[in-house]
Structures are given as structure tokens and as C-alpha cells.
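Scroll down for the structure; my scribbles are underneath it.
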Amino acid sequence: MNSKKHRHFAAVLLSAALLAVNIPAAAPPIAFASPAAPASPLDAHGTLRVNGSRLEDCHGEPFQLRGMSTHGIAWFPQYITLETFQTLRDDWNTNCIRLALYTDEYLGYSNGGNQQELKALVQRGVDYATELGMYAIIDWHVLNDKDPNVHKEDALEFFREMSALYKDHQNVLYEICNEPNSYATWDSVKNYAREVIPVIRANDSDAIIIVGTPTWSQDIDQAAASLLEYGNILYALHFYAATHGDWLRQRLEDCTAQGLPVFVSEFGTCDASGSGSNDFSQAAQWLRLLDSHQISYCCWNLANKAESSSVISPGCSKVAGWSQEELSESGKWISQYFRSHP
């Protein structure tokens, strides 16, 4: 048998042998799928709504917003960056950012601040949060003005513009008065809310709106006794762990049992001045309670100001990617707490 015939005969025998054992002569290459990127908070949970006393996601499941509040963006604009928010999302395990726009303080929106620049900062913050699939709270940060009616006309125009811009966004919430205080009563807050809420709802009929309560957003019991006549409303409770203890936690328990939908849109681990010693034991009691009721919360504050409540060390100028050594005492504690959640 010549070599050519020999090769042909061998090939025929090999083919027959392979067929006999049902093995393909040449298996196709195996394709390995690339691992999918984890879904962003917004991708996973979509449009939120208030149902009874709880916040729910697009699947009708209870959902918590957990995140950081900026300090006044007029004074600390450097933290309104994509990299900052990405650190908070990916390293700290948060899903929202609260953008604090002071109204009456020095260079506040209604007290000498450049309104166009401040609105641009808010918009930049919302845009970065949206790009990262995070939720954003636009906070009209009433404090020195005491009663939100003091700058009501500015508030109406501001929220008219913001809600027109973000009417098609799933991730934007509106906090219409941070901390009514002093002579501000629940009746005066309700009258203010009854003017501002329709302005927002004219553009975004399903917007979630957070309403502050008297005495620096502690008197949620007054809101529970006289609710606003709108849906998708959350009522703000604020606490500072070294000042507010069992008595305010009990108020929260009582109001939650009555069906009041609460959002802790600001809390600190120190005293109510924003400074003094941290009380992490009290802070842990608070957050365990909030988690047990799946109540959302934002920590005050994202800045390097020389005060206990700022989470970044005063000596650190970085705006993202902080090491533990570059955080304040409260920053180290709260970042670890956020990371402890699934």
C-alpha cells in the first residue's frame, strides 16, 4: 500500500472509531461569559413610593435609603464630584446622597449666595448621582430662617425649576424644609408645604417629598396627629446621638406604630451642635432601631470641617478614596457601619 492510500485508510478508520463511541471529531470551543457588573441601586430598585408607613421599591418590597448628607454646598463645593459619590457608593456601601442647600446662612441661597451657581451645583450633584445609579435628595436647608415661610417665594421658584428639570428622573427626592425651629409651628409648616408640594407635583405627580417637622425636626408626633393630605410624603426626624436618647426613640416607635412614614434625613454621632464628643453607643442603638423598621437615614456631614460631625479629617484635602487614617473619628465609625450592611 503506497503512503497516500495508507493515510486515507487510516483517516477512514479513525473517523469510524470516533463515530462508534459517539465522540465528535472536533468539539466547538467553549465560550465563557464575562461576569455581569453588579446592578446599581437605581437599576435594582427603580422608582420608589411611600406605602403606608414604609418606603418601597419598584417591586413593592420595603427599601431603605442609606447615605451621606453634604455640608452646605456653598461652603464645601469640592465634594460634589463623581469620584466622591463613587467612593460613597462602592467603598462605603451607600445608595443615596443628600445635597444640602442652605437658605439663610452666609452665602445661602436667599442670603447673598449666587443662586445660579448654587443651582448649578445642585444639578451637578444630581447628575453625578444619576450617572452612578444613586438616589439624590435635594435639601432646602432651612435653619437660621427658622420658619420656612420666611423665604417661601424663593422656595416656590426653586422647586418649580428643579422639579421641571428632574420630572423624568426616578432617583430624585425633594426635602422642602430641613429643620423648622424656634417659633415655627406645625401649622405654619403645613401651610408652607401646601404651597410648595403642588408646585413640585405639577411637574412630577409621583415625586417623593420629605417635610421637616418643628423643633429641628423632632416633633414628628405633631405631624402624626395632623397629616398632610398628599401621598408619597415622608416626615423628617433628626437626631444627634449624644443629645437625643430614649425619649426621642420612643416618640419614633409610637409614631411608627401609628403608621407615620418617617425619614431620618439627618443624624450625627455627636451632640446637636455638630461638635462635642461622639456617643457611638447611642448612635448604634438608633441605627439598630431604624434598621429594624427599615427607616431610611442620612449621616451629617460630608466635609472636612473641624467639628465632630464632619466625617473627613480636617487635615485631609482629598475628595475621594479616603483611607481610614484620613477620616475623622465619626467618619471611621459610620463608614464601617455602612459597610456592615449586605
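Note on the chain: GNM, Cα springs under 10 Å; of 67, 268, 315, the largest mean-square fluctuation is that of 315. Against the main long axis of the alpha-carbon atoms of the chain, helix 115-131 sits at an angle near 30°.
Each Lys and Arg adds +1 at its Cβ and each Asp and Glu adds -1 at its Cβ; summed about the Cα centre, the stretch 273-342 shows a dipole of about 140 debye. Each label point is 7 Å from the Cα along the Cα-to-Cβ direction; what then is the distance between the points at residue 51 and residue 164, in nm? In this crude spin-label approximation the distance works out to 3.4 nm. The tail of the calculated P(r) for the stretch 254-310 beyond 19 Å holds 34 percent of all Cα-Cα pairs. Modelled spin labels at residue 58 and residue 326, positioned 7 Å past Cα toward Cβ, are 3.4 nm from each other. Spatial offset of the stretch 206-225 relative to the stretch 235-279 amounts to 12 Å, using the alpha carbon center of each. Quick check: the angle from helix 152-165's long axis to the longest principal axis of the chain, C-alpha only, nearest 10 degrees? The answer is roughly 10 degrees. Length available on full extension from residue 277 to residue 246: 0.36 nm per residue minus the Cα-Cα distance, which gives 9.3 nm.
Distance check, please: which entries in 119/190; 167/332; 167/190; 119/318 exceed 28 angstrom between their Cα atoms?
Details: 119/190 25 Å; 167/332 36 Å; 167/190 23 Å; 119/318 24 Å.
As for pairs spanning more than 28 Å Cα to Cα, those are 167/332.
Helix 280-293 axis versus longest C-alpha principal axis of the chain: approximately 70°, rounded to the nearest ten. Under 19 Å Cα-Cα from residue 152, which aspartates and glutamates qualify once same-chain neighbours fewer than 8 residues away are excluded? Counting by Cα, and skipping residues close in sequence, residue 152 has these aspartates and glutamates nearby: 104, 105, 139, 161, 175, 179, 187, 195.
Kirkwood Rh, the stretch 105-218, all Cα pairs: how many Å? Don't skip to the answer; put the middle values down first.
Details: mean 1/r = 0.0698 Å⁻¹.
So the Kirkwood estimate lands at 14.3 Å.
When you count the other C-beta atoms within 10 angstrom of each residue and take the mean per peptide, 205-213, 134-142 line up highest first as 134-142, 205-213. Farthest towards the positive end of the charge dipole of the chain, among the residues 257, 308, 97, is the Cα of 97, using unit charges on the Cβ of Lys, Arg, Asp and Glu.
On a per residue basis, the convex hull of the C-alpha atoms belonging to the stretch 207-342 measures out at 122 Å³.
Centroid-to-centroid, using Cα positions, the stretch 316-342 and the stretch 132-178 are 28 Å apart. Note on the stretch 49-111: percent of Cα-Cα distances in each 5 Å bin, starting at 0 and stopping at the bin with the largest distance, equals 4, 15, 18, 16, 15, 14, 12, 5, 1.
In this Cβ point-charge picture (+1 for Lys and Arg, -1 for Asp and Glu), the stretch 181-245 has a dipole of about 60 debye about its Cα centre.
Extents of the chain, largest first, come to 112, 45, 42 Å (Cα atoms, principal axes, whole angstrom).
Coordinate-derived values only; no laboratory data. Computed from a predicted model, the values in this text were never measured in an experiment. Using ideal geometry, Cβ is built from the backbone for each residue, glycine included, and neighbour counts are taken over all protein chains shown.
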